[in-house]
Amino acid sequence: MDTFSIAQLQIQISMSRNKNILIAILITIVFSSCEKVIDYNLKGVEPAVVIEGAVTNQTGPYFVIVSNSQHFKDSNQYVTINNATVIISDDVGNVDTLSLILDGLYQTKTTVGVEARTYTLSVFLEGKIYTSVCKMPYQVELDTLFAEGDPTTDSGFALTPVYEDPAGVTNFYRFNAFEGSDHIPLIRVRNDKSTNGTRVRQPVGFNNYYNEGDSATLEMMCIDEQVYQYLFGLSETINTGLNAPASPGNPISNITGGCLGYFSAHTIQKKSLLIH
Amino acid sequence: MRSKNTYLWIPYFLLTTAASAQTQKFTISGTITDSNSGETLIGATVLVKKPAQSGATSNEYGFYSLTLAEGNYKLFIQYVGYHTDTLNIALTQNFSLNIKLQNAVAELKEVVVTSSAENDKITRAAGIENVSVKEMNKIPVLFGERDLLKSIQLLPGIKSTADGSSGFSVRGGAIDQNLILLDEAPVYNASHLLGFFSTFNSDAIKDLTVYKGTQPAQYGSRLSSAIDLRMKDGNKQRHEVNTSLGLITSKLSVEGPIVKDRGSFFVSARRTYVDMYLNFFSNESIRKSKLYFYDINAKANYRLGESDVLYISGYFGRDKFSIFNGYGVDWGNATATLRWNHILNSKWFSNTSLIFSDYDYLSDLENSGNGFKLNSHIRDYTLKQEFQYFPSSSHSWHFGFNTSYHDMKPGEVIDKKTSDETGLGLQNRYAWENAIYAADEWKAADWLNISAGLRFSTFSVLGKGDFYDIDNDRQIVDTLSYKPGEIAKTYFNPEPRFSASFIVNDKTSIKVSYNRNAQYLHLISNNLTGNPSDKWIPSNNNIRPETADQISLGYFQNLHNDGFEISVEGYYKSLQNQIDYKDGADVFSNNAIETQLLDGIGRAYGIEFFTKKRSGKLTGWVSYTLSRTEKKIDGINKNNWYVARQDRTHDISLVLSYDVSPRLNIASTWVFRTGNAATFPSGKYIVDQQVVWLYTERNGYRMPNYHRLDIGATYKLYNRKNFESELSLGIYNAYGQQNAFSFRFQESTQHPGTTEIVQLSLFRWIPSLSLNCKFK
């Protein structure tokens, strides 16, 4: 995302928490509001197929999860699908039929993830075909990683990756962060609209999760445009409550055939540090 | 298209002026004012009953002009809440007659609600609500804050959009389709404190008229309504001070003559001190937060000579909200109007106005020394000229033009370390909006009143700026740069306005109307309540102006010696070029916002029932609106019609006021409405180890039904020559109904591994108390 979007997002993130605080202030002042869990009758929906898969430039194997969506009232578990045929092929002639190793989890046997190679995912299930084509981008080197914080304020530490964005190419990035061994459940994606061809040094926005003494790990992934659009839409969909968009929608999957989820071929690099 | 309308116009003009008789006609004209304060009265009538019913109505500045054949007449001058004045005149030449009416409000029950007032409702055009500020002041409201914009939501066809919010929808329109004018200046964000209070201090307002899509040709720029607020001029005879001390806000107004009988001023100020209560909290974050608003209304007028009056009025309001070490918003409206009334002769009245309006907001993240501030504004500079011509007692012509320059800054990013503009924000937008209009109110016959007009509006979007060519997939194919002042695109829209009232008898009428309205500025909002970060964007080469065609048919009846009024009015509105965000839109987009928008059509239809009891100890009204608003936009909801967010099937308001004694009045309000349409998940799935909601149709669900009872009482403590005071008590949401403000879908903390819906409801049993004093 460009700097303007980051500024807006900074404010929006803070606003979603702080608008809640404002409401809390108003309501506390007038000591008369409440929150309660309610039972609202949500209409059911035909279970939709959900496919999630990725090929990376790290050594394999790679995985694809095939599952079904569920009713709101069900407990949050994968409703797994074990009778799908999952095939990953590339543009140099390799074809790999994945094998089911666990409920809903399919593993590659021979696929090798290489930059600039185009991968095709095909899933055959109950007479339907779901396909996706994704080209793995070239890796952009993650030069350094550092964490900057202001110990006088309560605002955590800003984990900041530094890299050189290539000019002449449109790049999209995704960042995954870990605090210790815990994955931070936030989706962070970026484009290079305002940073194309420059040395990028911008914090990724997981500030509140890091305190002095924590061990932080950042994964930087180079993703393609469709995956970027999907993940951006996905992060909006997860955001609900007072600051929810009034017209939420399902993120646009890059898998054709009418299913949910996405398929990505991307590069990963990891760096860790200790916060002090 | 233009020429076709011109041709139609000429025969109409000939037809209506052909009936001039041979006898000599003379004109009486002048200004109608309150005998006590000198305040001009808007919409007062001067009636003549014999030999034939004839009359004139005073305009927005109290000016009237009545042309009659030579002879002797008895004039009846009437206005709601005032004693009718009768005058015998011998009309042998043109002369000027200024009339002072005596206020009758002090003698509550004895007020004979004059036949003219009801006649007004029977005879005038369709879809208009003329609101009595005094009547609205009796209605109990949230926090005891008399709020005109919330009170009008109790009238048929006007609906609030969210609990507490000042945003409203008129006849199914979106919240940005209402033109809110304060002494002719447009107010872009008519709410304080995120929508819980309105921008208007009712103490400063003299008159409020709401046109529900049926606005005459003088009004344009917004599709669904025009809300015309006129500020008080100020007492021309003596000084008066009014104060109001409440739990949350306090107000002070001062008015008085500048030169007795020639000029006066009015100033009122209001501030909330909700932030004072924050000091009682132990949580530092809450304690050090800032939360307040204030506003000031000021007006002055001066009569330069027999025929000239100069007015200057202004409004300045500011809201500040910031969480200690967190997010902060600072926004406000400022308006200024300079007006010159000139009476050219007994039949011609002119008003020239210079208007400035500014709405700006700043959002900031306080905890970091680095980072950014976002600044945005919308500024209008307008020149308006209107002529009113009263050729005879059956015609009132209004014609004029207005020209506005819009300067819009959707979002400028300022680097906090250097306070410099970074140039990273959205581009500024400039536009030039013009209109020319002519309208006539024609008493075609005893049984027929016609209001017909044509407004012709244009809109040009200008450089300096970049404009984009986009393809069918809404991807940018080309960028065109324009120099400052260069015109990128111009739109024209003819907007005919028509209304006819068929007066069946003096107690009954049937009204029809047809209006076409065009709107060139659009509010892109991401939620229902309206947020300071909503963006106003102008039409451009890709975003076409919105237009609406509305027809209405209504039946009006006075009963029981005019003590009761009932009406039924139905409407149908067809809207074009309606925009909405596409699914999963990137709201914080780049300059080409049109790549995130889709457009289509809309329709709104409904029927409004209204009954009002006007006289006696117990007065009040019931209003019920049954309606539907839908949109159809390709790319949303599988290209099917879907219900708009502001759709509300049933909307009922019951307002009662009871004068227990001359000192004590009790009032209550009960409202019931169907919940707003909303998009909720119908299911869920897991991606990236997180639960993701699965949405099916847009706006396929409803929030739960909303209902609430408010009760208030006003007790007059002192009523002396120089001092009056009263105490107002109230309770909002008297039976504590937990009305849903929002739903939050989340993973349950109580039962991990499941998801739940949490309802947030706001105000239950909110008491209010205020002491109002008047020093004369």
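The values are calculated or read from the model by the stated rules, or taken from the named source; none is laboratory data. None of these values were measured; they are calculated from a predicted model. FYI the Cβ positions are ideal-geometry reconstructions off the backbone, even for glycines, and counts take in every protein chain you see. SASA here: full protein model, heavy atoms, side chains in, ligands and nucleic acids out. Shrake-Rupley method; radii C 1.70, N 1.55, O 1.52, S 1.80 Å.
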All conditions in (1) under 29 Å from B:ALA439 (Cβ atoms); (2) open to solvent by 10 Å² or more (accessible area, probe 1.4 Å) are true of B:ALA226 except (2)
Are any of the residues in region B:676-698 in a strand (DSSP E or B), away from every other protein chain (no Cβ under 14 Å) and charged (D, E, K, R)? no
For region B:703-728, name all the residues that are hydrophobic (A, V, I, L, M, F, W, C) and either within 13 Å of another protein chain (Cβ to nearest Cβ) or open to solvent by 50 Å² or more (accessible area, probe 1.4 Å) (or both). B:MET703, B:ILE711, B:LEU717, B:PHE723, B:LEU727
Could you check region A:62-98 and list, in sequence order, the residues that are within 22 Å of A:LEU260 (Cα to Cα), part of a loop (DSSP other than H, G, I, E, B) and not aromatic (Phe, Trp, Tyr)? A:SER69, A:LYS73, A:ASP74, A:SER75, A:ASN76, A:GLN77, A:ILE81, A:ASN82, A:ASN83, A:ALA84, A:LEU98
Give the residue that is least open to solvent (accessible area, probe 1.4 Å), with candidates limited to residues of region A:245-265 that are more than 13 Å from every other protein chain (Cβ to nearest Cβ) and within 18 Å of A:LYS135 (Cα to Cα). A:ALA265
Among the residues of region A:31-45, are any of a type in the set (A, V, I, L, M, F, W, C), away from chain B (no Cβ under 14 Å) and out of contact with any helix residue (DSSP H, G or I) (no Cβ under 8 Å at 6 or more places or on another chain)? no
Might you check whether a residue that is at pLDDT 85 or above and of a type in the set (Val, Ile, Thr) occurs anywhere in region B:733-749? no
Among the residues of region B:125-138, which ones are assigned to a loop (DSSP other than H, G, I, E, B) and open to solvent by 10 Å² or more (accessible area, probe 1.4 Å)? B:ALA125, B:SER132, B:ASN137, B:LYS138
Evaluate region B:713-720: report whether one residue or more is at pLDDT below 90, assigned to a loop (DSSP other than H, G, I, E, B) and farther than 20 Å from A:ASP39 by Cα. yes
Restricting to region B:302-338, give me the number of residues that are of a type in the set (Ser, Thr, Tyr) and under 23 Å from B:LEU182 (Cβ atoms). 6
Looking only at region B:734-756, count every residue that is in contact (Cβ under 8 Å) with a residue 24 or more places away in the chain, more than 16 Å from B:ILE139 (Cβ to Cβ) and open to solvent by less than 70 Å² (accessible area, probe 1.4 Å) and tell me the total. 9
I'd like to know if region B:607-618 contains one or more residues that are crowded, with 22+ Cβ neighbours inside 10 Å, within 18 Å of B:ARG702 (Cα to Cα), outside the structural domain of B:LYS138 (by TED's automatic domain parsing) and not β-branched (Val, Ile, Thr). no
Among the residues of region B:85-101, is there at least one that is at pLDDT 85 or above, of a type in the set (Gly, Ala, Ser) and surrounded by fewer than 22 Cβ atoms within 10 Å (Cβ to Cβ)? yes
How many residues are within 14 Å of another protein chain (Cβ to nearest Cβ) and outside any strand (DSSP E or B) if we restrict to region B:534-588? 8
Among the residues of region B:660-675, are any open to solvent by 20 Å² or more (accessible area, probe 1.4 Å), closer than 24 Å to B:ILE128 by Cβ and out of contact with any helix residue (DSSP H, G or I) (no Cβ under 7 Å at 6 or more places or on another chain)? yes
Conditions first: (1) buried (at least 16 other Cβ atoms within 10 Å of the Cβ); (2) touching an Asp or Glu at 6+ places or on another chain (Cβ under 8 Å); (3) in contact (Cβ under 8 Å) with a residue 60 or more places away in the chain. A:TYR138 passes all but one, so which condition is the exception? (1)
From A:ILE129, A:ILE101, grab the single residue that is away from every other protein chain (no Cβ under 14 Å), in a strand (DSSP E or B), free of Cβ contacts under 8 Å to residues at least 12 places away in the same chain and open to solvent by 50 Å² or more (accessible area, probe 1.4 Å). A:ILE101
Being among the small types (Gly, Ala, Ser) and in contact with a Ser or Thr (Cβ under 6 Å, 6 or more places away or on another chain) is the filter here; which residues of region B:44-55 pass it? B:ALA44, B:SER54, B:GLY55
How many of the residues making up region B:205-224 are assigned to a strand (DSSP E or B) and either of a type outside the set (Asp, Glu) or touching a Phe, Trp or Tyr at 6+ places or on another chain (Cβ under 7 Å) (or both)? 6
Selection from region B:630-653 of residues charged (D, E, K, R) and either part of a helix (DSSP H, G or I) or away from chain A (no Cβ under 11 Å) (or both) yields B:GLU630, B:LYS632, B:ASP634, B:LYS638, B:ASP647, B:ARG648, B:ASP651
Of the residues B:ASP651, B:ASP647, which single one is of a type in the set (Asp, Glu), open to solvent by less than 60 Å² (accessible area, probe 1.4 Å) and more than 30 Å from B:ARG474 (Cβ to Cβ)? B:ASP651
In region A:71-93, the residues that are modelled with pLDDT under 90, surrounded by 17 or more Cβ atoms within 10 Å (Cβ to Cβ) and farther than 15 Å from A:GLU52 by Cβ: A:PHE72
Verdict on A:LEU26 being open to solvent by less than 20 Å² (accessible area, probe 1.4 Å), modelled with pLDDT under 80, in a helix (DSSP H, G or I) and more than 7 Å from chain B (Cβ to nearest Cβ): yes
For region B:459-491: of the residues being without any contact (Cβ under 8 Å) to a residue 12 or more places away in the chain and of a type in the set (Asp, Glu), which is most open to solvent (accessible area, probe 1.4 Å)? B:ASP473
What residue, of B:ILE766, B:ILE731, is out of contact with any Lys or Arg (no Cβ under 7 Å at 6 or more places or on another chain), more than 10 Å from chain A (Cβ to nearest Cβ), crowded, with 19+ Cβ neighbours inside 10 Å and of a type in the set (Val, Ile, Thr)? B:ILE731
Go through region B:182-204 and give me each residue that's open to solvent by less than 10 Å² (accessible area, probe 1.4 Å), assigned to a strand (DSSP E or B) and at pLDDT 85 or above. B:LEU182, B:ALA185
Out of (1) in a strand (DSSP E or B); (2) more than 7 Å from chain A (Cβ to nearest Cβ), the odd one out for B:PHE745 is which? (2)
